[in-house]
Amino acid sequence: MRDRFGHHVSYLRVSVTDRCNERCRYCMPDELQEWMPRVDVLTFTEMLRLVRVAMRLGIDKVRVTGGEPLTRAGVVEFLSELAQIDGLRHLGLSTNGTLLSRGKLARQLRDAGVSSLNISLDTLDRGMYQKITGRDFLPRVLDGIEAAREAGFPQVKLNAVLMRGINEGELLRLVDFAAEKNALLRFIELMPVSTAEVLSEANFLPVNEARRHIEREYGALIPRPDFRTNGPATYYQIAGRNQRIGFIGALTNLHFCETCNKLRLTCDGKLRPCLGSHLEYDIMGPLRDGASDDELRQFFLEVVARKPERHDFRDNYQPHRRMIAIGG
């Protein structure tokens, strides 16, 4: 699938729930969050059908997100069914990591066919972690990262959202921790997704500033344009180390959207062609009204045709849905 701007869409992010066991300030800052009624959430059977339809149009990479996807019962079995769909080249999972060490969940995910894990880790300071997430769960996350390593995941990615005045002093610790765990660390600019108040001049830390801070300790970072993952990160190597780190600058990188290859399917059945746009299209309605696979394929094509050239985050973007409801 290609849109009118030449974006080659091959990557679908599927949110399986809006529920989460944390309350991150940039995603779901309110304790009194009203969860979607179960009837308004796609069943796993419905999600599998939509993924199969999308794959016949060229989708070959899927990432399952939430909320926190591991809070939904039956998600391991769902992932196993996803992994068995012919033509799927990569199946990833985004998680806060708090549940990975429970039982043998990390091993179950690996056995189910999950290729890679993205784990949120904004800080290694326990008090700061509680301040950011609203929960004292850092020890669980660290145990989860270790469980993922022991389960044999070939790629564990750590995602750290940059917040001035909060975790800017943690950058070097995170770099060293990622090196120790042989994990791929990415620093992500704060985006105004959940509420307009999430992002301000006071708390915005651009990726270029973060990179310069790291270079003061480790020397000039070596650009690695030859190294790519499924997302929009720009990667560098630390001189003298076999370690790459990535930077995702949605607001400051003016070329950020040029290589976008994503669609998002929300847990309540909306197709979103862009995270930083209000555009979303209800595919649950046609699905539950008996649409054929051909009709659903046409729906996907029409959504891709409406994919914008670039996001709206730089244009006084006013969120109307929390990140928890959109999916990571």
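Summary table below
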item	result
Subset of region 22-66 that is modelled with pLDDT of 90 or more and under 23 Å from residue 131 (Cβ atoms) - its residue that is nearest to the chain's Cα centre (by Cα)	66
From the options 79, 88, residue that is in a loop (DSSP other than H, G, I, E, B) and crowded, with 17+ Cβ neighbours inside 10 Å	88
From 291, 239, 233, residue being in contact (Cβ under 8 Å) with a residue 12 or more places away in the chain, surrounded by fewer than 19 Cβ atoms within 10 Å (Cβ to Cβ) and aliphatic (A, V, I, L, M)	239
Region 185-197, subset farther than 22 Å from residue 118 by Cα and not small (Gly, Ala, Ser), residue modelled with the lowest pLDDT	195
Test: residue in region 112-124 that is assigned to a helix (DSSP H, G or I) and either in contact with a Leu (Cβ under 8 Å, 6 or more places away or on another chain) or surrounded by fewer than 19 Cβ atoms within 10 Å (Cβ to Cβ) (or both)	yes
Test: residue 305 is in contact with a Lys or Arg (Cβ under 8 Å, 6 or more places away or on another chain), of a type in the set (Gly, Ala, Ser) and closer than 19 Å to residue 11 by Cα	yes
Strands (runs of 3 or more DSSP E) completely within region 221-305 that count 1 or more residues being modelled with pLDDT of 95 or more, aromatic (Phe, Trp, Tyr) and farther than 26 Å from residue 4 by Cβ	234-237, 244-248
Positions within region 1-21 being of a type in the set (Phe, Trp, Tyr) and at pLDDT below 90, in sequence order	5
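The values are calculated or read from the model by the stated rules, or taken from the named source; none is laboratory data. The structure displayed is predicted, hence computed values, not measured ones. Note that each Cβ is placed from the backbone with ideal geometry, even for glycine, and that neighbours are counted across all protein chains shown.
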